[in-house]
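Engineer: For reference, the structure I am asking about is given below.
The values are calculated or read from the model by the stated rules, or taken from the named source; none is laboratory data. Just so it is clear, the structure is predicted and the values come from calculations on it, not from any experiment. Quick reminder, even Gly has a Cβ in these numbers, built from the backbone with ideal geometry, and neighbours come from all protein chains shown.
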Amino acid sequence: MSKLSGRPPAWSYWVVLPSFVLLWGLIAWLLESPLLPTPLHVLDTLMRESASGELWHHLSATLGRVIVAFTLAMLLGTAIGIVMGRSKTTNALFDPMLVLLLNLPALVTIILMYVWFGLVEVAAVMAVVINKVPNVAVTVREGAKSLDHRLEEMATVYEFTRWQRFRDVWVPQLFPYLMAATRGGLALIWKIVLVVELLGRSSGVGFQLHLSFQVFDVAAILAYSLAFIAVVQLIELAILQPLERRSSRWRHPEAAHA
Amino acid sequence: MLELQIAGRSFGQPVLGEIFATIERGDRICLLGPSGIGKTTLLNVIAGLDKTIPAEAIIGREKLRVGYLFQEHRLLPWRTLNANLQLVGATSQEAEDHLANVGLKGYGHYLPDQLSLGMARRAALARCLAVRPDLLLLDEPFASLDPVMAGELKILIAGIMDVNPGMAMICVTHDGGDAEILANRLWYLDGKPARLQWDDRIGSEPGLIDGLLGRLRRLDLAGS
C-alpha cells in the first residue's frame, strides 16, 4: 500500500532514531563509564549549560559565523557559478582553479588563513568561505548550463532588463540547484566553523568542544553537538522547507484547466 | 519601415541565401515554404535573435517594437498570466484588457501550465500585443490546434490586424488557406540555400493562392 500511495506512514519516521537512543542508553547503563554518558546525563549537562547561559553564548557565536560565512559563500558561489555556466571561455579559464580549490583540505585553508592573517575573526570566516565557494559554484554552474535557451530568446525579444532576466527567468530555474547548494552548504559550513573555532577562536561551540576534549568531558561534547544539530534542523524546518514549498508551487498547479 | 539585407546564414551548411526585402506598415505577410527550409531561422533573424547576423542587415529594427509568438507559448511557467504580461511592460489593468481581447477574460491569475494548448497560445498572443508591437512575428500559430480552435485564432488575428492598421505581420505557415484569410502579401521561401522565390502582393480572388502554391511547389520539383 505505502509503495503505491508514495507516502510512507507517519510512524515510520519514529522508529530507527529512538531505537538508537534506547540502545545507546542501554550500553551506557551497562558500561557505567564516564567516557560514554547516558542520554539522560547528556540532557542534564545540556540543561545546566543552558541555565548558566554558556550554551547560548557559544551557540550564538557559532551561529553568527555560520550565517555570515554562508551568506558570503552563497553570493560569491552563485555569481561565479552563473558566469562559468553561461560562458564557455570563462569556464575553461577558471575550471582548473575550481578543481584545485575543491580538493584543497579545509584544514589547510584554515591554517594558512590563521598563519597569514593572525587568529582574528576575519581570517576565520574567510577560511570557511574559501572552503565553501567552490561547492556552491559547481552546483550552480550545472544549473546555469541547463537554462532553457527558449526562454532566453523570449527574454531577448521582449527586452527584459538584466534584473528581470535574473529574477524572473534565471532564479526560478536555478532554484533547485540553489536549494541543493544551501542544504549541502549549511551542513558543511557549520562543521568547518567548529574546526575554525577549535583552532583559533575563544568562543563558539568548537571552542567549547576543545575545552571538553582536554578534560575528556564526553557529556559536554555530546550536549554541544546535539544543541547545534537541533539548531540546523530548526533552520531546515522553519526556513528551508517552507521556502521550497512556496517556490515550487507552480510545478503542481491545482486542477489543470483545459 | 524595415529593410532586410541578409547576406546568408549557415549552420555548417548554408541554410539561408541572400534575402532582400522591405516590409511596410500594414503588410500582412504569410511566409510559406517546404518544412525545414529555414522559415523559423528567417523569423529569428528578423527578430534579432541570431547574433551571427550583423544588426545592419536588418535596417530599422532598433526603432521597432516586436511581438514574437513562438511555436511554444514560452510564457514563464512560474508566473501568472498577468505577471507574464506585466514583465513586458503592461500594467496590471492593461494585462487584463489584453487577455480579455484574446478571449481569456478573468484568467489573469492562472499559471500557463494550467491552460490548454490553444488557451496558452492565445495568452502568448496577448503578451505580443502587450508590447504594442509595430511588427508581429507568428511562428506556425495554428500548428497542433484542432480545426475549430485554429479557425477561431485565425479570425482573432485577422481582427487584431484590422484594428491596428499600422502594424505589420509576418506569419509562418505551411497552409495556403491561412494565407487566404490573413495575408495581403506572400513570401515563398525555397531552394538550397533558401531564397525568397516569390514576394508579391495578393488580392482576394479565391483559389489564387492555391494555384500559385501549386506552381511554386512544382517549380521546386523541376529544379531539384
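Engineer: Only one residue in A:F207, A:F213 is assigned to a helix (DSSP H, G or I), over 18 Å from B:W78 (Cα atoms) and without any contact (Cβ under 8 Å) to a residue 12 or more places away in the chain. Which one? Even if it seems obvious, please write down each step before you answer.
Structural biologist: Details: A:F207 fails: without any contact (Cβ under 8 Å) to a residue 12 or more places away in the chain.
The match here is A:F213.
Engineer: A further question on this structure: Here's a check for you: in the stretch B:129-145, which residue that is crowded, with 19+ Cβ neighbours inside 10 Å and under 17 Å from B:T40 (Cα atoms) is nearest to the other protein chains (Cβ to nearest Cβ)?
Structural biologist: Among those residues, the one meeting the criterion is B:L137.
Engineer: Could you check how many residues of the stretch B:118-128 are in contact (Cβ under 8 Å) with a residue 40 or more places away in the chain and either assigned to a strand (DSSP E or B) or surrounded by fewer than 23 Cβ atoms within 10 Å (Cβ to Cβ) (or both)? Steps first, answer last, please.
Structural biologist: Applying the first criterion (in contact (Cβ under 8 Å) with a residue 40 or more places away in the chain) to the stretch B:118-128 yields B:120-121, B:123-128.
Applying the additional criterion that residues be either assigned to a strand (DSSP E or B) or surrounded by fewer than 23 Cβ atoms within 10 Å (Cβ to Cβ) (or both) yields B:120.
Summing the residues that are in contact (Cβ under 8 Å) with a residue 40 or more places away in the chain and either assigned to a strand (DSSP E or B) or surrounded by fewer than 23 Cβ atoms within 10 Å (Cβ to Cβ) (or both) in the stretch B:118-128 gives 1.
Engineer: Can I ask one more? Please work out which one of (1) modelled with pLDDT under 95; (2) away from every other protein chain (no Cβ under 14 Å) is the condition A:R141 fails and give its number.
Structural biologist: The failed condition is (1).
Engineer: A follow-up question, please. If you check every pair at least six apart or on different chains, which have Cβ atoms under 6 Å apart with a residue in the stretch A:240-258 that is within 9 Å of chain B (Cβ to nearest Cβ) and more than 12 Å from B:D113 (Cβ to Cβ) first and a residue that is modelled with pLDDT of 70 or more and part of a helix (DSSP H, G or I) second?
Structural biologist: A:S247/A:F175
Engineer: Which ones in the stretch B:146-195 are acidic (D, E) and within 24 Å of B:G38 (Cβ to Cβ)? First the steps, then the outcome.
Structural biologist: Kept after step one, since they are acidic (D, E), are these residues of the stretch B:146-195: B:146, B:152, B:162, B:175, B:178, B:180, B:190.
B:D175, B:D178, B:E180, B:D190, listed by residue number.
Engineer: Okay, next question. Give A:F216, A:F207, A:F228 a once-over and let me know the one that is away from every other protein chain (no Cβ under 14 Å), of a type in the set (F, W, Y), over 26 Å from A:V140 (Cβ atoms) and exposed (fewer than 13 other Cβ atoms within 10 Å of the Cβ).
Structural biologist: Numbers: A:F207 fails: exposed (fewer than 13 other Cβ atoms within 10 Å of the Cβ); A:F228 fails: exposed (fewer than 13 other Cβ atoms within 10 Å of the Cβ).
One residue alone meets the criteria, A:F216.
Engineer: From the list B:V15, B:V88, B:V45, which one is touching a Ser or Thr at 6+ places or on another chain (Cβ under 8 Å), of a type in the set (V, I, T) and buried (at least 17 other Cβ atoms within 10 Å of the Cβ)? First the steps, then the outcome.
Structural biologist: Details: B:V88 fails: touching a Ser or Thr at 6+ places or on another chain (Cβ under 8 Å); B:V45 fails: touching a Ser or Thr at 6+ places or on another chain (Cβ under 8 Å).
None of the other options fit; the residue is B:V15.
Engineer: Taking A:L40, is it over 16 Å from A:I189 (Cβ atoms) and at pLDDT below 95? Steps first, answer last, please.
Structural biologist: Values: over 16 Å from A:I189 (Cβ atoms): yes; at pLDDT below 95: yes.
So A:L40 passes the test.
Engineer: If you take the residues in the stretch B:10-51 that are within 14 Å of chain A (Cβ to nearest Cβ) and not aliphatic (A, V, I, L, M), which one is farthest from B:K154 (Cα to Cα)? Full working, then the answer.
Structural biologist: At the first step, the residues of the stretch B:10-51 found to be within 14 Å of chain A (Cβ to nearest Cβ) are B:40-41, B:43-51.
From the residues that got through so far, the ones that are not aliphatic (A, V, I, L, M) too are B:40-41, B:44, B:48, B:50-51.
Values: B:T40: 19, B:T41: 23, B:N44: 22, B:G48: 26, B:D50: 28, B:K51: 32 Å.
Once the filter is applied, the top-ranked residue is B:K51.
Engineer: Sticking with this structure for a sec: Restricting to the stretch B:58-75, and then to whatever is over 14 Å from the mean Cα position of the chain (by Cα) and surrounded by 21 or more Cβ atoms within 10 Å (Cβ to Cβ), can you tell me which residue is farthest from the other protein chains (Cβ to nearest Cβ)?
Structural biologist: Per the criteria, the residue is B:I58.
Engineer: Quickly run through the stretch A:100-154 and pick out the residues that are outside any loop (DSSP other than H, G, I, E, B) and among the acidic types (D, E).
Structural biologist: Within the stretch A:100-154, the subset outside any loop (DSSP other than H, G, I, E, B) is A:100-102, A:106-117, A:121-145, A:149-154.
Passing the criteria: A:E121, A:E142, A:E152, A:E153.
Engineer: Among B:M149, B:M167, which is surrounded by fewer than 22 Cβ atoms within 10 Å (Cβ to Cβ) and touching an Asp or Glu at 6+ places or on another chain (Cβ under 8 Å)? Break it down into steps so the answer makes sense when it comes.
Structural biologist: Values: B:M149 fails: touching an Asp or Glu at 6+ places or on another chain (Cβ under 8 Å).
Unique residue meeting the criteria: B:M167.
Engineer: Is it the case that the stretch B:107-116 has a residue that's part of a helix (DSSP H, G or I) and either in contact (Cβ under 8 Å) with a residue 40 or more places away in the chain or of a type in the set (A, V, I, L, M) (or both)? If you could, list the steps in order and put the result at the bottom.
Structural biologist: Within the stretch B:107-116, the subset part of a helix (DSSP H, G or I) is B:112-114.
Restricting the remaining residues to those that are either in contact (Cβ under 8 Å) with a residue 40 or more places away in the chain or of a type in the set (A, V, I, L, M) (or both) gives none.
Scanning the stretch B:107-116, I find no residue that is part of a helix (DSSP H, G or I) and either in contact (Cβ under 8 Å) with a residue 40 or more places away in the chain or of a type in the set (A, V, I, L, M) (or both), so the answer is no.
Engineer: Could you go through the stretch B:87-99 and let me know if any residue there is within 11 Å of chain A (Cβ to nearest Cβ) and under 20 Å from the mean Cα position of the chain (by Cα).
Structural biologist: Yes, some residue in the stretch B:87-99 is within 11 Å of chain A (Cβ to nearest Cβ) and under 20 Å from the mean Cα position of the chain (by Cα).
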